[in-house]
Amino acid sequence: MSATALSKPLNRLHAASRHLGSSRAQNLVKESSQIRSRQLIPSVSTMATSTRQTRAPWRNLLSSHMEQTSGYEFTIGTVGYDENNQPVPRVRTCGCRGFFPEVDIHPKSQEEMKQQVKDGGNPPTYESDLLCFTTDIRMDKLHQLESSGHVVEAIFWLKDLMTQWRVKGKAFSIGDPRGEEFQGEKGSREAIGSSLRVKDDYTGSVEEWTWDRAVTKYFANHSPLARGSFKSPHPGMSRSQEPENSALAMGQRVTDLHDPVARGNFRVVTIIPEEVERLDLSNQEDMRRWKWTLSKSGGKGEQSDWTETELWP
């Protein structure tokens with residue numbers, strides 16, 4: 001990723017954000033000149049340059065397959081460590097939230113966005129090839145990602161299409177209430193930002209887009225009861241043990257999109273793909289398999305491209 005001194009903070013457009021707090025936001029402001037480019041991705045304190053201007057060659061097909069299924073979950077694999085500090089595999093099923101930062105939300109949720117979020121949310125500025133899901137920071141998967149260099153593998157099995165998709169890469173989470181004053185959040189935004197692209201039909205200013213509003217839209221995409229799950233007792237804690245925080249309880253319904261407890265635990269995780277495979281079993285007499293590998297040329301401002309190879313299944 002190429003980060004330059006082209007920053008002009010977005011948080012002045014969202015100074016009242018409960019996510020950062022006004023005093024913290026003011027400390028992050030660093031004014032500098034700007035260059036309008038299709039590849040400039042704004043962050044609170046940095047601008048990043050996308051290494052690709054076009055969609056990955058597999059993206060449209062995967063998107064089409066996802067749209068043809070009634071619901072799409074995928075299995076997420078991470079690396080954990082046991083009590084002897086030995087690496088062990090860890091898997092779980094998560095609901096895929098599509099490609100960051102685009103998410104279609106229910107009309108009722110969109111109305112909540114209009115009422116509670118500046119301008120009703122971000123303009124349709126960016127797209128990417130990054131699949132994403134949401135999680136609770138108190139669960140083990142985020143710690144596992146951080147302790148293993150963010151490596152991740154995700155698998156879709158789309159039974160109706162008799163097709164399996166496998167995505168390998170690095171995963172980063174965003175949504176920390178401390179914003180970019182927390183180094184982990186800053187690093188995640190930079191990693192994700194380098195893979196965002198300005199949409200072909202977008203003619204507005206990239207300055208109008210903020211990370212906070214992007215995360216808020218994913219939070220709004222949950223039902224009030226699902227949002228309340230981020231105010232439940234600590235996942236994995238014994239039910240015989242009372243939570244130390246009285247605000248934590250099961251079955252809460254959250255309508256405040258900036259609820260400090262729920263948002264404190266809520267994270268959006270994006271997968272930056274490095275290798276993608278498609279296995280097509282729809283024709284048992286001629287099963288087929290393809291692999292796309294992301295290659296990079298070294299050096300500052302490195303460019304990347306996908307190489308497609310057909311394999312024996």
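The values are calculated or read from the model by the stated rules, or taken from the named source; none is laboratory data. Worth saying up front: this structure is predicted, and the values here are computed from it rather than measured. All Cβ positions, even for glycine, are placed from backbone atoms using ideal geometry, and neighbour counts span all protein chains on display.
For the range 104-121, state whether one or more residues are within 15 Å of the chain's Cα centre (by Cα), touching a residue at least 12 places away in the same chain (Cβ under 8 Å) and surrounded by 16 or more Cβ atoms within 10 Å (Cβ to Cβ). Within the range 104-121, none of the residues are within 15 Å of the chain's Cα centre (by Cα), touching a residue at least 12 places away in the same chain (Cβ under 8 Å) and surrounded by 16 or more Cβ atoms within 10 Å (Cβ to Cβ). Here the condition is being surrounded by fewer than 18 Cβ atoms within 10 Å (Cβ to Cβ) and within 14 Å of the chain's Cα centre (by Cα); of Lys159, Lys170, it holds for Lys170 alone.
The condition of being exposed (fewer than 15 other Cβ atoms within 10 Å of the Cβ) and among the β-branched types (Val, Ile, Thr) holds for only one of Thr203, Thr210, that being Thr203. Checked against (1) among the polar types (S, T, N, Q); (2) surrounded by 18 or more Cβ atoms within 10 Å (Cβ to Cβ); (3) within 24 Å of Thr255 (Cβ to Cβ), Thr125 passes all but condition (3).
The rows are residues; the columns are (1) within 21 Å of Pro177 (Cα to Cα); (2) more than 22 Å from the chain's Cα centre (by Cα); (3) part of a loop (DSSP other than H, G, I, E, B); (4) modelled with pLDDT of 95 or more.
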site	(1), (2), (3), (4)
Asp200	no, no, yes, no
Lys217	yes, no, no, yes
Gln241	no, yes, yes, no
Ser246	yes, yes, yes, no
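Of everything listed in (1) within 21 Å of Asp259 (Cβ to Cβ); (2) surrounded by fewer than 15 Cβ atoms within 10 Å (Cβ to Cβ); (3) of a type outside the set (Asp, Glu), the single unmet condition for Val88 is (1). Among the residues of the range 122-156, those identified as among the small types (Gly, Ala, Ser) and outside any loop (DSSP other than H, G, I, E, B) are Ser147, Ala154. Answer with yes or no whether Asn221 is modelled with pLDDT of 95 or more, surrounded by fewer than 18 Cβ atoms within 10 Å (Cβ to Cβ) and out of contact with any Phe, Trp or Tyr (no Cβ under 8 Å at 6 or more places or on another chain). Against the criterion (modelled with pLDDT of 95 or more, surrounded by fewer than 18 Cβ atoms within 10 Å (Cβ to Cβ) and out of contact with any Phe, Trp or Tyr (no Cβ under 8 Å at 6 or more places or on another chain)), Asn221 does not qualify. For Trp312, the conditions (1) in contact with a strand residue (DSSP E or B) (Cβ under 8 Å, 6 or more places away or on another chain); (2) surrounded by 11 or more Cβ atoms within 10 Å (Cβ to Cβ) all hold with the exception of (2). Does the range 101-113 contain any residue that is touching a Cys at 6+ places or on another chain (Cβ under 6 Å) and not aromatic (Phe, Trp, Tyr)? Checking the range 101-113: not a single residue is touching a Cys at 6+ places or on another chain (Cβ under 6 Å) and not aromatic (Phe, Trp, Tyr).
Of the residues in the range 93-108, at least one is modelled with pLDDT of 95 or more, part of a loop (DSSP other than H, G, I, E, B) and small (Gly, Ala, Ser). Test Ala262 against the stated conditions and say whether it is farther than 22 Å from Phe74 by Cα, of a type in the set (A, V, I, L, M, F, W, C), out of contact with any Leu (no Cβ under 9 Å at 6 or more places or on another chain) and assigned to a loop (DSSP other than H, G, I, E, B). When the stated conditions are applied, Ala262 does not pass them.
Within the range 231-279, restricting attention to residues that are closer than 30 Å to Trp157 by Cα and polar (S, T, N, Q), the residue that is surrounded by the fewest Cβ atoms within 10 Å (Cβ to Cβ) is Asn265. Residues in the range 157-193 that are at pLDDT 95 or above and assigned to a loop (DSSP other than H, G, I, E, B) were compared, and the one that is nearest to Ser304 (Cα to Cα) is Gly175. Is it the case, given these coordinates, that Thr69 is in contact with an Asp or Glu (Cβ under 9 Å, 6 or more places away or on another chain), more than 27 Å from Pro123 (Cβ to Cβ), of a type in the set (Ser, Thr, Tyr) and in a strand (DSSP E or B)? No; evaluated as a whole, the condition is false for this residue.
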